[in-house]
Amino acid sequence: MFGPALKRRTLRWLLLCAITCPSLPSLQAQDDFVARRDAMIRLIEDDVRQTSDYLKRARLGEDVLQAMRRVPRPEFVP
């Protein structure tokens, strides 16, 4: 459908945007974010276990854990 020259120009443009655009997070930054979010979830799970007598539950539901993994933290914590 598209000619080879257009494909090359589009690929060059996308590559240039990925390299120069400051709003695009690097893969390392994404990995760091995922690691920090996983650590936060582990801390919350540990807190739930430690306060299970008070909370009357030993762990969070899987749906809550999935939401915490999926939704960016600033959406639900200032």
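The values are calculated or read from the model by the stated rules, or taken from the named source; none is laboratory data. Keep in mind the model is a prediction, meaning the values are calculated, not measured. Ligands, DNA and RNA are stripped out before the accessible areas are found, and what is left, the full protein with its side chains, is counted by its heavy atoms. Shrake-Rupley method; radii C 1.70, N 1.55, O 1.52, S 1.80 Å.
Of all residues in region 52-78, exactly one satisfies the criterion of being under 11 Å from the mean Cα position of the chain (by Cα), of a type in the set (A, V, I, L, M) and not in a helix (DSSP H, G or I), namely Val71. For the condition of a type outside the set (S, T, N, Q), at pLDDT 80 or above, open to solvent by 100 Å² or more (accessible area, probe 1.4 Å) and assigned to a helix (DSSP H, G or I), Arg49 qualifies. State yes or no: is Gln66 open to solvent by less than 100 Å² (accessible area, probe 1.4 Å), among the polar types (S, T, N, Q) and modelled with pLDDT of 85 or more? Here the answer is yes, as Gln66 does meet what is asked.
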